[in-house]
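Structure first, then comments.
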Protein chains: 2
Amino acid sequence: MAKNPRNNGKRDVILKEAAKLFKEKSFGGASMRELAERVGIEAPSMYHHIASKDEILEIICFSIGNLYVSQLEDISRRELSVIEKLKELIRLHVRIMIKNGDAVSVANNDWKHLSDEKLKKFKELRSGYEKKVVELLKEGVESGELKAVNTSVTLFTILSAIRWVELWWRPNRGISAEELEESIITILLEGLVK
Amino acid sequence: MAKNPRNNGKRDVILKEAAKLFKEKSFGGASMRELAERVGIEAPSMYHHIASKDEILEIICFSIGNLYVSQLEDISRRELSVIEKLKELIRLHVRIMIKNGDAVSVANNDWKHLSDEKLKKFKELRSGYEKKVVELLKEGVESGELKAVNTSVTLFTILSAIRWVELWWRPNRGISAEELEESIITILLEGLVK
DNA sequence: AAAACACACTAACGTTTGTTAGATTCGTCT
DNA sequence: AGACGAATCTAACAAACGTTAGTGTGTTTT
């Protein structure tokens, strides 16, 4: 029932609208009929492009998850100081959020509705990511670049600190993406106190 | 159908279990029947203690919202420097989360499912809170205690940075509530860089 | 021209949802 | 003992859910 050939963009439209709708109403509160309405077709017609509601969630969550992982690997490979890598990491998160706000929101909030098997995979993906960031932080503490912080607390504080961007940022909020990135970097790396 | 007299704690049990369940499955994914099962009665029996599923959500969201507002007012009234007030604010958020983790999670994630009228009230409550914190930040910038940061960005970075606690902290994670508070304070106020 | 296919439709399925109605049980007070 | 009301139960409702079946249409392929 699902399909494969090089289709026009209908499937992508469904995924885009689904991300938007799931963000608004969350996975459980969004119905296939409402999604279909936004796409402009009837609900059963969507099953020619996707296999199930669950599959939509999977695709969204893993596309975002894999995006984070692969980009973190890019940063890791570069020849930079820990601090420069952390800055790049923060910039990365902000940019992904600005570009894929809806999907990021879904991956952050609705991953728990993944089916058992996919849920396990997703948690592994995420904890692998977190582990790599913790290693980066440990490296920074050991080399003396960073304060002797608890790396777990730091990990979550950093990642969490950036999550609001997806709810708040709009291109015309009077602050550019670059300013936003640099502001957050300043707060997290240098602190608020003058 | 709902009720009032000094009841035993059954209503509170329902609210506590509801917070836990909503946190696990989110509002839309949690059913009244499953909630009833956890409480130990049949679903229709719950309607002697609460008016509706929506009412449960309202009670949870506004009890947490009002808690934050009233405690912020306590801090505002005290004779402290801006920095000390910010520290107290961070401690406050951590403590509320540790004590009411489930309910905080619901108020943070499921408020969008409030009915139109209550949704409006909740947004007002929250933006009133945010406004007061922004004023505090502005005061700090003007007095020279804080760096010349964008106060909106700072507001959300601080509040957001603390939200992960509710997902992560457990009494036996090898870090006490006090250590946790002080670690977060250090990161946000003094920064990570040595 | 015929066959194949992609894509949309309507109708309907079996479940699950929140909630109501009505009867029953239980403890408390007069 | 009898009355009352709180608290629980079973049965059931109407609506909404994700999804399947079956059909039609228009385009592409052979």
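Could you check segment B:106-194 for helices (runs of 4 or more DSSP H) lying wholly inside it with 1 or more residues that are touching a Gly at 6+ places or on another chain (Cβ under 7 Å) and either away from every other protein chain (no Cβ under 12 Å) or more than 27 Å from A:Gly144 (Cα to Cα) (or both)?
It comes to B:116-142, B:165-168.
Tell me, please, whether a residue that is within 12 Å of DNA strand D (Cβ to nearest atom), away from every other protein chain (no Cβ under 14 Å) and surrounded by fewer than 14 Cβ atoms within 10 Å (Cβ to Cβ) can be found in segment B:69-82.
Checking segment B:69-82: not a single residue is within 12 Å of DNA strand D (Cβ to nearest atom), away from every other protein chain (no Cβ under 14 Å) and surrounded by fewer than 14 Cβ atoms within 10 Å (Cβ to Cβ).
Anything in segment A:12-31 that is more than 9 Å from chain B (Cβ to nearest Cβ) and acidic (Asp, Glu)? List them, or say none.
A:Asp12, A:Glu17
All but one of (1) more than 16 Å from DNA strand C (Cβ to nearest atom); (2) away from every other protein chain (no Cβ under 14 Å); (3) modelled with pLDDT of 95 or more hold for B:Ile98; state the number of the condition that does not hold.
Exception for B:Ile98: condition (2).
Please note which helices (runs of 4 or more DSSP H) are completely contained in segment B:1-101 and include at least 2 residues that are hydroxyl-bearing (Ser, Thr, Tyr) and under 14 Å from the mean Cα position of the chain (by Cα).
B:53-77
Condition (residue is away from DNA strand C (no atom under 13 Å from the Cβ) and within 26 Å of B:Phe27 (Cα to Cα)) applied to segment A:29-41: is it met by at least one residue?
Within segment A:29-41 (the criterion being away from DNA strand C (no atom under 13 Å from the Cβ) and within 26 Å of B:Phe27 (Cα to Cα)), the answer is yes, since at least one residue qualifies.
Could you check, for segment A:26-34, whether at least one of its residues is farther than 17 Å from A:Leu125 by Cα, touching a residue at least 24 places away in the same chain (Cβ under 8 Å) and more than 10 Å from DNA strand D (Cβ to nearest atom)?
Yes, the conditions are met somewhere in segment A:26-34.
Looking only at segment B:43-95, count every residue that is within 16 Å of DNA strand C (Cβ to nearest atom) and basic (Lys, Arg) and tell me the total.
Residues that pass the stated criteria total 1.
The values are calculated or read from the model by the stated rules, or taken from the named source; none is laboratory data. All values reported here derive from a predicted model rather than from experimental measurement. Here the Cβ is made from the backbone with ideal geometry for all residues, glycine too, and neighbour counts use every protein chain on show.
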